[in-house]
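Asker: I have a structure here, written as structure tokens, and I will follow up with some questions on it.
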Amino acid sequence: MRFPIGAAFSAVLVVGSMVQSLRAQDHVVYAASANSKFLNIPGLPTCVAGSVQNGDPSKGGSVIFGKGTAGCRIPWHWHTPTEQLMMVTGRAKVEMKDGSSVTLRSGDYVSLPTKHVHQFTCQTACTLFIASDVAFDIHYVDASGNEIPQDEVLKGKASAKNAPPKGAKRDN
């Protein structure tokens, strides 16, 4: 299978911009996927795990290699950082508050601006890179768009966790 030169160049530019906030480093960072140790990420459902490849997500910009099981859903939420996602394997759906949605496949990329309400679902088992320009956080919201506690969402206590926030449309 041929990979177009333009797509390869675009991928290089995307990855370069993903670590833009990490430029202060004066050394090469190489993270072999075979050495990645996947752990549950605080604040996220247990169906998703991540391995920090660069930076420290609790203190600043970072790149995380993530994986999720088929059907894994991270309910409606937003982040303080700009979140950049680049799919490695599998298929996932990103639904946005404004009602639009995108299906990500291997090699696809999406950038979500700060405080942009969305939800993410691995439609098949998936792996992806997640880049943040500042410390990573997650704020879950209910159907009205009001922030709700993480423990309610993660323990399944949020009564409207499956409903889209106000202004969002559901795909059928």
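Each reported figure results from applying straightforward, stated rules to the coordinates on display, with no laboratory input. The structure displayed is predicted, hence computed values, not measured ones. With ideal geometry, Cβ positions are generated from the backbone for all residues, glycine too; neighbour counts draw on all protein chains shown.
Asker: In segment 129-157, how many are of a type outside the set (Gly, Ala, Ser) and either in a helix (DSSP H, G or I) or closer than 17 Å to Gly61 by Cβ (or both)? Walk me through it before giving the result.
Answerer: Quick first cut of segment 129-157, residues of a type outside the set (Gly, Ala, Ser) only: 129-130, 133-134, 136-142, 146-155, 157.
Those left that are additionally either in a helix (DSSP H, G or I) or closer than 17 Å to Gly61 by Cβ (or both): 129-130, 133-134, 136-138, 150-154.
Of the residues in segment 129-157, 12 are of a type outside the set (Gly, Ala, Ser) and either in a helix (DSSP H, G or I) or closer than 17 Å to Gly61 by Cβ (or both).
Asker: Follow-up. Consider segment 98-113. How many of its residues are within 14 Å of Gln84 (Cβ to Cβ) and of a type in the set (Lys, Arg)?
Answerer: 0
Asker: Any idea how many residues of segment 91-100 are over 19 Å from Ser144 (Cα atoms) and surrounded by fewer than 19 Cβ atoms within 10 Å (Cβ to Cβ)?
Answerer: 2
Asker: Also: Determine the pairs where a residue that is basic (Lys, Arg), located within segment 114-141, has a partner that is buried (at least 18 other Cβ atoms within 10 Å of the Cβ) and not in a loop (DSSP other than H, G, I, E, B) with Cβ atoms under 7 Å apart, the partner being 6 or more residues away or on another chain.
Answerer: Lys115/Trp78
Asker: Any idea which residue in segment 47-98 is nearest to the chain's Cα centre (by Cα), counting only those that are more than 13 Å from Ala135 (Cα to Cα) and of a type in the set (Asp, Glu)?
Answerer: Glu95
Asker: Oh, and also: Can you name every residue in segment 42-75 that is among the hydrophobic types (A, V, I, L, M, F, W, C), farther than 16 Å from Cys122 by Cβ and in contact with a Gly (Cβ under 9 Å, 6 or more places away or on another chain)?
Answerer: Matches in segment 42-75: Val63 only.
Asker: Report yes if Ser132 is polar (S, T, N, Q), surrounded by 19 or more Cβ atoms within 10 Å (Cβ to Cβ) and either under 12 Å from the mean Cα position of the chain (by Cα) or under 16 Å from Pro45 (Cβ atoms) (or both), otherwise no.
Answerer: For Ser132, the condition - polar (S, T, N, Q), surrounded by 19 or more Cβ atoms within 10 Å (Cβ to Cβ) and either under 12 Å from the mean Cα position of the chain (by Cα) or under 16 Å from Pro45 (Cβ atoms) (or both) - is met.
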